[in-house]
Amino acid sequence: MSSPGTTLPKHTPGADEADSLTRTIAAPAAKRARPRLRALDGLRLIAALMVAAYHYGGRDGEITEAWGSSPRLQFPTAHSWFAYGCLGVQIFFVISGFVICMSGWGRPLRAFFASRASRLLPSYWAAIVLVTAVFALPVVAYEAVSPSDALVNLTMLQQPLGVDRVLGVCWTLWAELRFYALFALCVVLPGANRARVILFCAVWTLAAVIAEGANEPLLDLVLMPEYAPFFIGGIGIYLLHRDRRDLTAWGIVGVSWLIGQHYAVSRLWHAPNPDFFSYRTSFGIIAVVTAGFAAVLLIALGALHRVDWQWLTVAGALTYPFYLVHEHLGWVTVAVLHRKLGLPSYATFGLTIAAMLILAWLLNRFVEERLTPLIRNGLLIRK
């Protein structure tokens with residue numbers, strides 16, 4: 001969710017123009033101002049913790065080297081539950097559809113772009129530098145990417161360029177960027193309203209289904225059939241947040257849930273096989289996807305309005321930097337705590353989560369809070 005604009009000092013060059021534009025942008029939004037949905041902040045953190053549990057104990061790969069053995073041996077019972085944590089990404093996408101529709105409603109394209117860039121880039125840049133630096137240390141067993149590839153990663157365009165990724169989780173940011181681009185061009189640029197948003201959801205849903213049937217790589221790249229239902233479902237939920245009697249919006253959410261659970265099951269389910277690390281039941285996958293849709297919907301409809309604790313705002317602020325750093329730096333932390341210091345598996349798991357949350361707080365406090373307003377206001381200045 002975008003942070004409110006910050007007024008520039010009076011003597012800063014271009015401050016009057018930026019301040020004027022900020023007031024112009026903020027005025028329509030103020031008329032429709034609603035209380036902050038702190039429960040949504042809490043859900044974002046839960047989704048991030050789900051993904052962390054998956055990366056630490058629900059899969060094999062590099063984390064096996066950190067533990068010294070497969071997580072299935074470290075967590076004999078819990079690993080089968082941790083395996084469902086990867087679905088936190090789908091929940092993120094539903095939340096993103098909701099938040100981006102809310103953020104883009106009533107905003108000009110320039111302000112929308114400024115809000116997204118200033119929200120994503122500060123912690124992302126810091127995470128790229130931090131992970132690259134840590135992996136370059138001689139005592140760290142994991143190999144850093146080349147200097148050239150690390151520089152390309154700063155653009156967030158490393159995946160389509162075929163460049164090695166510094167952050168394993170950045171593939172989700174590439175999906176987010178494509179969603180932002182589609183929404184900006186089709187909704188924000190001409191001006192968001194109910195009819196235009198509904199048309200966008202309908203056309204994207206149909207086009208994504210056609211793309212899946214056509215098996216055309218370019219269409220898949222642009223339309224993201226596998227993830228489109230989750231973004232579209234979140235947009236539909238935002239329409240219900242505006243008017244719960246909107247039957248068309250209910251239809252958008254229902255169709256998105258039906259298609260979304262299909263993709264989740266088809267991509268994440270497999271028959272029981274000893275060669276696979278974990279086995280997720282199709283019922284379990286459907287249940288998690290349904291719970292994600294239902295949680296965002298309940299928040300949007302005000303059913304969880306009592307979940308309005310102040311600390312949830314902080315939790316929401318920590319989610320993005322935590323998500324960025326938890327995987328790769330988690331490998332290093334697990335190796336130190338478990339293999340070098342000899343701490344038990346569950347103690348290592350909990351302390352690693354805590355360490356990543358503390359690091360996320362530091363990134364939020366000393367990177368995001370300083371750079372976000374600078375980037376946003378800089379992009380809003382008219383020259």
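The values are calculated or read from the model by the stated rules, or taken from the named source; none is laboratory data. Because the structure is a prediction, the values reported are computed rather than measured. Because the Cβ atoms are built from the backbone with ideal geometry, glycine has one as well, and the counts that use them run over all protein chains shown. For accessibility, only protein heavy atoms count, side chains too; no ligands or nucleic acids. Shrake-Rupley method; radii C 1.70, N 1.55, O 1.52, S 1.80 Å.
Quick one: among Thr172, Thr205, Thr77, which has the greatest mean-square fluctuation in a GNM of the chain with alpha-carbon springs under 10 angstrom? Fluctuation is largest for Thr77. Summing +1 for each Lys or Arg and -1 for each Asp or Glu among the other residues whose beta-carbon sits under 15 angstrom from that of Gly236 gives +3. Taking every protein chain into account, the accessible area of the chain amounts to 47 square angstrom per residue (probe 1.4 Å).
Just checking the listed ones, Ser80, Ser256, Ser123: in the Gaussian network model of the chain with Cα springs under 10 Å, the one fluctuating most is Ser80. Across region 135-193, Cα-Cα pairs farther apart than 18 Å form 49% of the total. Leaving out ligands, DNA and RNA, what percent of the accessible area of region 44-200 is carbon and sulfur, probe 1.4 Å? Carbon with sulfur: 68 percent of the solvent-accessible area. Name the shape class, rounded, prolate or oblate, that the alpha-carbon gyration tensor gives for region 163-215, where a ≥ b ≥ c are the square roots of its eigenvalues, rounded holds for a/c under 1.5, and otherwise prolate holds if a/b is larger than b/c and oblate otherwise. It is oblate, given that a/c is not under 1.5 and a/b is not larger than b/c. Answer rounded, prolate or oblate for region 145-239, using the Cα gyration tensor with square roots of eigenvalues a ≥ b ≥ c: rounded when a/c is under 1.5, else prolate when a/b is larger than b/c, else oblate. Prolate, because a/c is 1.5 or more and a/b exceeds b/c. For the chain, what are the DSSP H helices with axial Cα length of 18 Å or more and mean Kyte-Doolittle hydropathy of at least -1.0? Counting only whole DSSP H runs, the qualifying helices are 15-31, 38-57, 88-104, 109-135, 170-183, 194-214, 228-242, 247-268, 282-300, 311-334, 345-363. Extent along the principal axes, Cα only, for the chain: 58, 50, 45 Å, with the longest axis given first. Largest first, the three principal axis extents of the alpha carbons in region 86-177 are 51, 30, 22 Å in whole numbers. When Met50, Met224 are compared by accessible area of protein heavy atoms, the largest-first order is Met50, Met224, using a 1.4 Å probe. Specify whether the C-alpha gyration tensor of region 239-383 places it in the rounded, prolate or oblate class, a ≥ b ≥ c being the square roots of the eigenvalues: rounded for a/c under 1.5, otherwise prolate if a/b is larger than b/c and oblate if not. Here region 239-383 falls in the oblate category.
When the Gaussian network model of the chain links Cα atoms closer than 10 Å, the mean-square fluctuations of Ser148, Ser266, Ser103 top out at Ser148.
Restricting region 289-367 to trypsin sites (Lys or Arg not before Pro) that sit in a DSSP loop and have at most 10 other Cβ atoms within 10 Å of their own Cβ leaves Arg306.
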